[in-house]
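Enquirer: A single structure is presented below for examination.
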Amino acid sequence: MKIKLLVFSLMTLAICLSAKSQELDEKYGKDAKSITNIIDAYYDVISGAATQVWQFERDSYLHSNEAIIIRLDENGKADVHSLEAEYIPLLLLPKENFYEKELKRKVSQFGNMAQVWSAYEVRTNPETASNIRGLNSIQLHFENGRWFIDSWTTQMETETYNIVTEFLKTE
């Protein structure tokens, strides 16, 4: 009897997870169909007015389950954490207008793997340029007909490291 109950419970869980997955595919599937779409969706998710609700569900859909985020400081020290840990400050602090405007993108794809270099600037108004810039290195993989973001590493441009200026000069 216990085995039947366990099997029934596992089957019910599998059906529920499958239904949720299908619902998310219907809502956000187009975001992950191409490298261009997923990177555009990534910038769309993290950008918005203070009055807009964070898009946690969509952001989670874009990333693989084990996705990691790495932020490098000026000395190269890495702060490595999960996608979920990235949300903690967003939930604790008041939301402010925040927009990341992509300046340039360079994509390399081999088989089911892709590497995207993406320079961006941080704005508080989507129409007003700023001098706060950074560079993302985004790793993706293609599985089951869609792209996933596996990790991204970011470093801000500083007086010491003109990484965005140098990246914008590349072809």
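The values are calculated or read from the model by the stated rules, or taken from the named source; none is laboratory data. Please read all numbers here as calculations on a predicted model, not as lab measurements. All Cβ positions, glycine included, derive from the backbone under ideal geometry; neighbour counts span all protein chains shown. Ligands, DNA and RNA are excluded from the accessible area calculation, which covers all protein heavy atoms including side chains. Shrake-Rupley method; radii C 1.70, N 1.55, O 1.52, S 1.80 Å.
Enquirer: Just one of the numbered conditions (1) under 17 Å from TRP152 (Cα atoms); (2) free of Cβ contacts under 8 Å to residues at least 24 places away in the same chain is not true of PHE110; which one?
Expert: (1)
Enquirer: A further question follows. Restricted to region 15-29, and to residues that are open to solvent by less than 60 Å² (accessible area, probe 1.4 Å) and under 30 Å from LEU103 (Cα atoms), which residue is modelled with the lowest pLDDT? Can you show your working first?
Expert: First, pick out the residues of region 15-29 that are open to solvent by less than 60 Å² (accessible area, probe 1.4 Å): 19, 21, 24, 28-29.
Now drop any that are not under 30 Å from LEU103 (Cα atoms), which leaves 24, 28-29.
Numbers: LEU24: 83, TYR28: 96, GLY29: 93.
Going through the qualifying residues, I end up with LEU24.
Enquirer: So, in region 113-123, of the ones that are among the hydrophobic types (A, V, I, L, M, F, W, C) and free of Cβ contacts under 8 Å to residues at least 40 places away in the same chain, which residue ends up nearest to ASN136 (Cα to Cα)? Please lay out each step first, then the result.
Expert: Applying the first criterion (among the hydrophobic types (A, V, I, L, M, F, W, C)) to region 113-123 yields 113-114, 116-117, 119, 122.
Next cut, free of Cβ contacts under 8 Å to residues at least 40 places away in the same chain only: 113, 122.
Details: MET113: 17, VAL122: 12 Å.
Ranking the candidates gives VAL122 first.
Enquirer: Please name all residue pairs, on different chains or six or more residues apart, with Cβ atoms under 8 Å, provided the first residue is in region 48-60 and is at positive phi and the second residue is surrounded by 12 or more Cβ atoms within 10 Å (Cβ to Cβ) and part of a helix (DSSP H, G or I).
Expert: Nothing qualifies.
Enquirer: Please find, within region 122-155, the residue that is nearest to LEU83 (Cα to Cα) out of those that are open to solvent by less than 40 Å² (accessible area, probe 1.4 Å) and not in a strand (DSSP E or B).
Expert: By that ranking, first place goes to GLY145.
Enquirer: Let me ask something additional. Return the total of residues in region 82-100 being among the acidic types (Asp, Glu), without any contact (Cβ under 8 Å) to a residue 40 or more places away in the chain and in contact with a strand residue (DSSP E or B) (Cβ under 8 Å, 6 or more places away or on another chain).
Expert: Going through region 82-100 one residue at a time, the tally reaches 1.
Enquirer: Please specify each residue of region 81-121 satisfying the condition of being assigned to a strand (DSSP E or B), surrounded by fewer than 16 Cβ atoms within 10 Å (Cβ to Cβ) and of a type in the set (Val, Ile, Thr).
Expert: VAL107
Enquirer: Quick check on THR12: is it open to solvent by less than 70 Å² (accessible area, probe 1.4 Å) and either at pLDDT below 55 or more than 30 Å from ASN112 (Cβ to Cβ) (or both)?
Expert: It is true that THR12 is open to solvent by less than 70 Å² (accessible area, probe 1.4 Å) and either at pLDDT below 55 or more than 30 Å from ASN112 (Cβ to Cβ) (or both).
Enquirer: From ALA49, ALA41, ALA67, grab the single residue that is over 21 Å from SER151 (Cβ atoms) and of a type outside the set (D, E, K, R).
Expert: ALA49
Enquirer: So TYR120 clears everything in (1) touching an Asp or Glu at 6+ places or on another chain (Cβ under 9 Å); (2) more than 19 Å from ALA41 (Cα to Cα); (3) of a type outside the set (Gly, Ala, Ser) except one condition, right? Which one?
Expert: Just one mismatch for TYR120, condition (2).
Enquirer: For region 30-56, name all the residues that are out of contact with any strand residue (DSSP E or B) (no Cβ under 7 Å at 6 or more places or on another chain), surrounded by 13 or more Cβ atoms within 10 Å (Cβ to Cβ), of a type outside the set (A, V, I, L, M) and assigned to a helix (DSSP H, G or I).
Expert: Matches in region 30-56: LYS30, ASP31, ASN37, ASP40, ASP44, PHE56.
Enquirer: Does any residue of region 131-154 turn out to be farther than 30 Å from GLU26 by Cβ and free of Cβ contacts under 8 Å to residues at least 12 places away in the same chain?
Expert: yes
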